[in-house]
Structure formats: C-alpha cells, structure tokens
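Visitor: One structure is given below, represented as structure tokens, and several questions about it will come after.
Any read-out appearing in this document is the output of simple, stated calculations on the displayed coordinates, not a laboratory observation. The structure displayed is predicted, hence computed values, not measured ones. Cβ placement follows ideal geometry from the backbone for every residue including glycine, while neighbour counts extend to all protein chains displayed.
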Amino acid sequence: MPWWLLPNKEGYLSFTASKDLYKKIVTLVVGVVFHKEGPDFSEFDLQVFVNGKYTMASRTNFSNIDIYRGSCLDHVWLGRWEPCELWGGLEDAFGANDRSQFHLKITARRTGAIVKKCGFRLICKPLDDDLEILLKDDQLLDPALVYGNEDCQTSIEEADLVKPGLATMDVFTRCRYSLLRPYHQHVGPGGEIPEKFILVEDGTISFIASQDLYYKFRGLVLCVVVGVEGGGEKEISFDIVPQIHGQRRNGLSGTLGLFDSDQVWIQYLKPNVLWGVLEGEVDFGQFNDSYLQFSVKLSLSGGTVKRLGYVLRCTRGGDDLKAILADNPLMDPAALWQDRDEFTDSPASYFVSKLSRDIERGRKRERKREKQ
C-alpha cells in the first residue's frame, strides 16, 4: 500500500467537518492491499452516509483475468472520489446545518479475498495557516487524515505528504450497526435460551479452530436473554467486540430498542463480518499457528446479559467433518449446528426465523403449564 495513505484496520472512515473545511476537500483516496488465489473475481463495496443517512453505494469488480495473471501476488486497489460524488454538494451534505458527520465503509464481502491493509487520505486545497483554525472548529477530524496539497494539479505520488500515523476516528455506531441486515436478527419477549445453544459466562464466547474447521463455519448465532430492570422503558444498546489471538477485529455496536420487560435477542453474524479484515477472509498465514483462538465479547447498556448462548452453524460434513473435528480436540462438537439436508442452501434469514419460532413455541408451552 502506498506509504502516504493513513492505515485503517477496519475500512471505516468517520469524521465531522464544517462547511468551510468541506469546501477545501478535493478528493478522498482509498487504498486496499489484498490477496486472492484462483481465477474467481473479487469485488469491493463502498457504502456512504451523511449524518447516518445512506447516500450512495458503489461496487468495484476485478475480473478473473486481472486476478489470474498474478494469483500468487498481492494486489493493490486505489480509488479516488470527489466529495460531491460521495456526499453531495453543500446543500445535500449540510442543509441548514453548519457541520455534518461523514461516513464511509469499504467491505470485501462475498469475494474470498484476504485483505491485508487498508488506508485513507483526504487531499485538500492549499490550507496554509487555515488548517489549525479549521480544526479548532472540527475537533472530530484527525489532522493526520488531512493533506493540504500545495498544488492540487500535482500527482498524489509526487506530493510531499506528511509522515503517516494511525488516526483516531470518531465512530458513529448507529450508522455502523445499520449495515447489518435486519432480517439476521430477532428480538421478542422471553427469558429462556433453547437447549441447542451452548451457555457461556461473563459475556464472552471463545473457541479454538484450525483453518479447515473455520472454513466450515457459515455463521455464529448468538442467543441472549436481555434483562430489563426497574420501572418504565429502557433503551438497550450493545457492543460486540471480536478478536483473533487477542487482536481486535470488526467491532459492532447499536441499539435493540426500548423495552420494559426481559427480551430474547437472536443475532446471526457471518464469520467474515466478525473476524475478516474489511469483512474479507481471515488470513491464517498472518499467524504462526495452525490453530487460532476466536472470541467475541458482548456487553450491554440499559440492561444486563442474564444468559448468553451460541451455536456455530456449519456445512454438513459427514466423515469429512468428523476427520476435521478429530484434529480440533479443543472444539466442543456440541457447539456445531450442522445443516440438515433441507437447510443446506437456506439463507441466514430462514435460519433466524426458525429459531425465533422455536422460542415462541417454548413460550406457549410454558404459559400452558402455568395455567394447569
């Protein structure tokens, strides 16, 4: 990746800017270093928001010829957009406001690509002494992200860019969570977790898996009994923090809604959304270990985690899966939900719907027993 891009591990950019600073932005540059073996195509999705409102999406495809020519090599994608292409003109981006919050997310979904690095840079018109003045009014914009080019016609490669460093970006969590599909979630009244889920303590799920076993996973399904205490409705918000070998990956945050009684929350999460850089594939070659420790830490505000359970949905494996599990003695086989024949090709939404129906049937049986 070009050295002048500011590294960003999550592929998520969020900053606040005033109208004056927005006028100074000439272009946003994005760079991604990725690896892909085989002739299949790769694609990257660009999703853009202003103040949490979805504004546009773009998809960049790399043909099988592009990848096949150098399948043993890393590839670099560089993209650049003018602000008006992403967030619109002043009226669209600000309206009656003096400042707005801008968001952009890059994902490598459905590609099989292993993303190794990602970076951003905002190239601006000459700033001179204006940068310090502007940033006093735009305290949620990291100055390291901004480069004020002396000559906007000069190529980025020739520009004398400041020494790169990690930016501390403001994260707009509601916007980030909105990227998760709503039909991968179910929230309803209740207080019990179905028996098929493995219960864990301290809000932490952790397991160790080899590469062969990880590639069998189709999704991690959480089942949480959310405790709501005290009178009146409470807004329940959550944080999900995944890690690999202690390294933080794609954090997810958001709100479940307003509730005045305990709820059962089911959340289906694809492995790459949790543990893949930019939601691509996990790079096992990054670690000098045949087995990696995957973990997810869940915390709530406005409520408590009364119970937490999980299952790992995986492809039906037969003898093949048995052999893989024999090489993974630290994996609890009871945590694996193998798709039955009728569910093999079913989407995650159908899987979540089936679990929610199981919970509702359990609640009906419980109410029936209470009446007897």
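Visitor: As an exercise, use a Förster radius of 22 Å and the Cβ-Cβ distance of R365 and K196 to find the FRET efficiency, rounded to the nearest 0.05.
Guide: 0.90
Visitor: On to the next question. In nm, give the distance between the simple-model label positions of T304 and F287, each being 7 Å from the Cα along the Cα-to-Cβ direction.
Guide: A separation of 3.3 nm, rounded to one decimal place.
Visitor: By how many nm would the segment from C84 to D327 lengthen if fully extended, with 0.36 nm per residue of separation less the alpha-carbon distance?
Guide: My answer for the length gained is 82.2 nm.
Visitor: So if R0 is 41 Å, what FRET efficiency would K297 and K125 give, r being the distance between their Cβ atoms, rounded to the nearest 0.05?
Guide: Between K297 and K125 the formula returns 0.45.
Visitor: Packing-wise, with mean Cβ within 10 Å as the measure, how do 244-251, 282-289 rank, highest first?
Guide: Listed from highest to lowest mean packing, they are 244-251, 282-289.
Visitor: Would you please give the FRET efficiency between K9 and L258, computed as 1/(1 + (r/R0)^6) with r the Cβ-Cβ distance and R0 = 22 Å, to the nearest 0.05?
Guide: The formula returns an efficiency of 0.10 here.
Visitor: If the chain between D98 and T315 were fully stretched, how many nm would it gain, using 0.36 nm times the residue separation less the Cα-Cα distance?
Guide: In short, 73.0 nm is gained.
Visitor: By how many nm would the segment from Y215 to Y183 lengthen if fully extended, with 0.36 nm per residue of separation less the alpha-carbon distance?
Guide: Result: 9.2 nm gained on full extension.
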